[in-house]
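**Q** Following this message is one structure expressed as structure tokens.
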Amino acid sequence: MFLNALLLALRSIRRNLMRSFLTILGIVIGVGAVITMVTLGNGATLAVQAQISSLGTNLLMVRPGQRLGAHGAGGAPAFTETDADAIMAQIGGIAAVAPEARAPITVVGNGRNWATMVIGSTNAWFKTGNWRLASGRLFEDDEQRAGAAVCIIGETVRREIFGGTRGVGEQLRIKQFSCQVIGILASKGQAAMGSDQDDIVVVPLHTLQRRVVGNLRVATLLVSMQDGTDGTRLKAGLRQLLRERRKLAEREDDNFNILDTQQIAETMAGTTKVMTTLLGAVAAVSLLVGGIGIMNIMLVSVTERTREIGLRLAIGALERDVLLQFLIEAVVLAGLGGLVGVVTATGASYVMARAMGVPYLFDPAINLLSLAFSAGIGVLFGYFPARRAARLDPIEALRHE
Amino acid sequence: MSAHAPARPLIQLRGVTKRYGQGQAALMALKGIDLDVRAGEFVAIMGPSGSGKSTAMNILGCLDNPSEGQYLFQGAHVEALTRDQRARLRRRYLGFVFQGFNLLARTSAQENVELPLLYRGTNASIRHAAAARALQAVGLGGWEHHTPGELSGGQQQRVAIARAIVTDPAVVLADEPTGNLDTKRSQEIMQLLVELNRAHGITVLMVTHEADMAAYAERLVHFIDGRIDGDAPNPHRAGVAASAAPMVV
């Protein structure tokens, strides 16, 4: 009986192809919107998490100044290289500490200019930032001590200056001095804020201090914690140590700040998740509107097909046969809309994910959920018109013009 | 069932009344009808509009229950049945032919004829064969895949008749079956009904207000003002001799 009802429903959908298509359009758009929004949102969350973890996992960024951020230093004194050594020596649970100073400089090599960021630090810097070498080597200890004229360059700099050649062994001029390229960093791509992480030149800290900026200031201390370390305790110890070293009195505020990348990652991922939920909810409203569209069309259909329903009842259809037929019709319409919506959304989210530069992530749960939800909408909004059809009086219905 | 009790009529109406509305405004459409129809009869029900013949037809067709009185179909009390029980009775024993054909639009003749079998739950292969046979019987063999829009009025009514007989019903109820057709097509349809009545032994109950069409029946029942005014065999039956001649489509 169920199969027969399904057959009848399919036949009647086929008889009204154009209308059926327009009816399911609402559901198609609703399901498509929900899936696309959620898929893109998930992709964005993943991208943010990946970008922030590419800064370094378990990483603390210590900067002078009270406010968070790179430009909040104000009048606070900078750090020195000995601060980094002291942290490494006195605080447990630390994997690496890298003192960092940077200067924006146009570098010259291979007859080309390129404006980039020159970073002065130690080998620990590569560890804190999760950097890997694509080719070449890190700094030697004596190169670091002596401030040798060597540099390790990011992929963007290599491409812009040296083009097709591999770059290691070439000369690169930074301001007044020429240094030898000893290594190329593996590409990390865009950072969370859209800046290019690969657009850097790294030299030993002493090289930058003596040959470029001419002072001993260290702008940032990058502290990488060991896995499984209690971040809160470590931060408290770090804060205490720095307060002592900077000779702050009991009542004075900190003149430095500690940024936890894990925290930033969680905060930003949380924000994108909220956005995803919000967009998904808005899209779900359109799914509901699609359902109302189905109910509307089913009601029109019942009125229009009153004679047909009368005939069906007269030749022996039971109430439940008619109810089932119209209910199945609504569910098939809604389900079909859901199916087309899923296919459309898959295509749309794939294209949009590529356009927005976020990873495409097929989420089976949201696809199944949307499909089930659209079928549910068919039942919900199809029931009332179907019951109305089933309860018609065959005599009245047959007389209907 | 009827075979073991040939004496009992297929259909018995006893004191059947039908009242529409309540109290003062109530309208008595039927004012006490007694009618017996034996299996295999071809009965024409005639009368002016408002005489109650349509109401009687609805009750005979188990589409409606009488307000009072009894309706026995093969000895079973129809007036006591629920809506769904009547629907089951209809799909088992009755076939309907309407003035307006009532075919499903944009649906092939084959599918239209199969419809009652679908509600019976008959399986597909038997359904297809039965529908093809029924279309053959009404002279529409080869027209299975035409939709109503591609058929003439006469052909459409033939499809409707095929739909009525596809279930091998005991009774075919025809409500003004020729009302929408010209004289020639009307005569062909009447010939067909006569033949089905004779060859297949199907009882035919037909409502008509056209004497020409009623002339094909073997018994004429006249309704006036909610009562039966006359009930007699048809003395000048038409079409009986012609029924042997090949059918013109």
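**Q** Tell me, please, whether a residue that is free of Cβ contacts under 8 Å to residues at least 60 places away in the same chain, hydroxyl-bearing (Ser, Thr, Tyr) and closer than 13 Å to B:ALA109 by Cα can be found in segment B:221-244. Reasoning before the result, please.
**A** Filtering segment B:221-244 down to residues free of Cβ contacts under 8 Å to residues at least 60 places away in the same chain leaves B:230, B:232-233, B:235-244.
If we keep only those that are hydroxyl-bearing (Ser, Thr, Tyr) too, we end up with B:243.
Right, trim to closer than 13 Å to B:ALA109 by Cα and you get none.
The answer is no; no qualifying residue exists.
**Q** Same structure, new question: Could we say that A:LYS175 is basic (Lys, Arg), touching a residue at least 40 places away in the same chain (Cβ under 8 Å) and in contact with an Asp or Glu (Cβ under 7 Å, 6 or more places away or on another chain) here?
**A** On the way: basic (Lys, Arg): yes; touching a residue at least 40 places away in the same chain (Cβ under 8 Å): yes; in contact with an Asp or Glu (Cβ under 7 Å, 6 or more places away or on another chain): no.
In short, no.
**Q** Which one is farthest from B:THR122 (Cα to Cα), of the residues in segment B:61-99 that are more than 13 Å from every other protein chain (Cβ to nearest Cβ) and among the aromatic types (Phe, Trp, Tyr)?
**A** B:TYR71
**Q** Quick check on my filter: what residues within segment B:16-49 are more than 14 Å from chain A (Cβ to nearest Cβ), small (Gly, Ala, Ser) and loosely packed, with under 14 Cβ neighbours inside 10 Å?
**A** Scanning segment B:16-49 gives B:GLY21, B:GLY23, B:ALA25, B:ALA26.
**Q** Considering only residues that are more than 10 Å from every other protein chain (Cβ to nearest Cβ) and among the hydrophobic types (A, V, I, L, M, F, W, C), which ones fall in segment B:100-130?
**A** Of everything in segment B:100-130, those that are more than 10 Å from every other protein chain (Cβ to nearest Cβ) and among the hydrophobic types (A, V, I, L, M, F, W, C) turn out to be B:ALA109, B:VAL113, B:ILE126, B:ALA129, B:ALA130.
**Q** In segment B:179-199, which residues are touching a residue at least 40 places away in the same chain (Cβ under 8 Å) and assigned to a loop (DSSP other than H, G, I, E, B)?
**A** Listed by number, the residues that qualify are B:GLY179, B:ASN180.
**Q** Considering segment A:329-364 alone, what residues qualify as being of a type in the set (S, T, N, Q) and within 14 Å of the chain's Cα centre (by Cα)?
**A** A:SER349, the sole residue that qualifies.
**Q** Something else about it: Regarding B:LEU151, is this residue crowded, with 19+ Cβ neighbours inside 10 Å and within 23 Å of the chain's Cα centre (by Cα)? Walk me through how you get there before you give the answer.
**A** Details: crowded, with 19+ Cβ neighbours inside 10 Å: no; within 23 Å of the chain's Cα centre (by Cα): yes.
When the stated conditions are applied, B:LEU151 does not pass them.
**Q** Related question: When only residues in segment A:292-307 that are among the β-branched types (Val, Ile, Thr) and in contact (Cβ under 8 Å) with a residue 12 or more places away in the chain count, which is surrounded by the most Cβ atoms within 10 Å (Cβ to Cβ)?
**A** Step by step, filter segment A:292-307, then rank; the result is A:ILE294.
**Q** Also, I was wondering about something else. Is it fair to say A:ALA386 is part of a helix (DSSP H, G or I) and either within 14 Å of chain B (Cβ to nearest Cβ) or surrounded by fewer than 17 Cβ atoms within 10 Å (Cβ to Cβ) (or both)?
**A** No.
**Q** Separate question: Where the second residue is modelled with pLDDT under 90 and among the hydrophobic types (A, V, I, L, M, F, W, C) and the first is more than 21 Å from A:ALA186 (Cβ to Cβ) and lies in segment A:136-163, which pairs have Cβ atoms under 9 Å and are six or more apart or on separate chains?
**A** Correct list of pairs: A:ALA149/A:PHE177.
**Q** Still on this structure: Can you tell me which of A:VAL48, A:VAL34, A:VAL62 is in a strand (DSSP E or B) and either among the charged types (D, E, K, R) or surrounded by 21 or more Cβ atoms within 10 Å (Cβ to Cβ) (or both)?
**A** A:VAL62
**Q** State all residues of segment A:312-361 that are within 12 Å of chain B (Cβ to nearest Cβ), in contact (Cβ under 8 Å) with a residue 12 or more places away in the chain and in contact with a strand residue (DSSP E or B) (Cβ under 8 Å, 6 or more places away or on another chain); if no residue qualifies, say none.
**A** A:ALA314
**Q** Of the residues A:ASP260, A:ASP363, only one is more than 30 Å from A:ALA397 (Cα to Cα) and outside the structural domain of A:LEU46 (by TED's automatic domain parsing); which?
**A** Going through A:ASP260, A:ASP363 in turn, the sole match is A:ASP260.
**Q** Out of the residues in segment A:343-365 that are of a type in the set (A, V, I, L, M) and surrounded by 21 or more Cβ atoms within 10 Å (Cβ to Cβ), state the one that is farthest from A:LEU299 (Cα to Cα).
**A** Among residues in segment A:343-365 that are of a type in the set (A, V, I, L, M) and surrounded by 21 or more Cβ atoms within 10 Å (Cβ to Cβ), the one farthest from A:LEU299 (Cα to Cα) is A:VAL358.
**Q** Please find, among A:LEU216, A:LEU205, the residue that is hydrophobic (A, V, I, L, M, F, W, C) and modelled with pLDDT of 90 or more.
**A** Values: A:LEU216 fails: modelled with pLDDT of 90 or more.
The conditions single out A:LEU205.
**Q** I'd like the full set of residues that are within 14 Å of chain A (Cβ to nearest Cβ) and closer than 19 Å to B:LEU193 by Cα, limited to segment B:146-156.
**A** B:GLN156
**Q** Next question, about the same structure. For segment A:93-179, which strands (runs of 3 or more DSSP E) that fit wholly inside it have 3 or more residues that are closer than 26 Å to A:PRO64 by Cβ and either of a type outside the set (A, V, I, L, M) or in contact with a Gly (Cβ under 6 Å, 6 or more places away or on another chain) (or both)?
**A** A:94-109, A:112-121
A quick yes/no check of all residues on (1) more than 30 Å from A:ILE366 (Cβ to Cβ); (2) small (Gly, Ala, Ser); (3) in contact (Cβ under 8 Å) with a residue 12 or more places away in the chain:
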site	(1), (2), (3)
A:LEU17	no, no, no
A:LEU40	no, no, yes
A:VAL48	no, no, yes
A:SER54	no, yes, yes
A:PRO77	yes, no, yes
A:THR82	yes, no, no
A:ASN110	yes, no, yes
A:ALA115	yes, yes, no
A:ARG132	yes, no, yes
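The values are calculated or read from the model by the stated rules, or taken from the named source; none is laboratory data. What you are looking at is a predicted structure, and each value in this text was computed from that prediction instead of being measured. In this analysis, Cβ positions are derived from the backbone assuming ideal geometry, glycine residues included, and neighbour counts consider all displayed protein chains.
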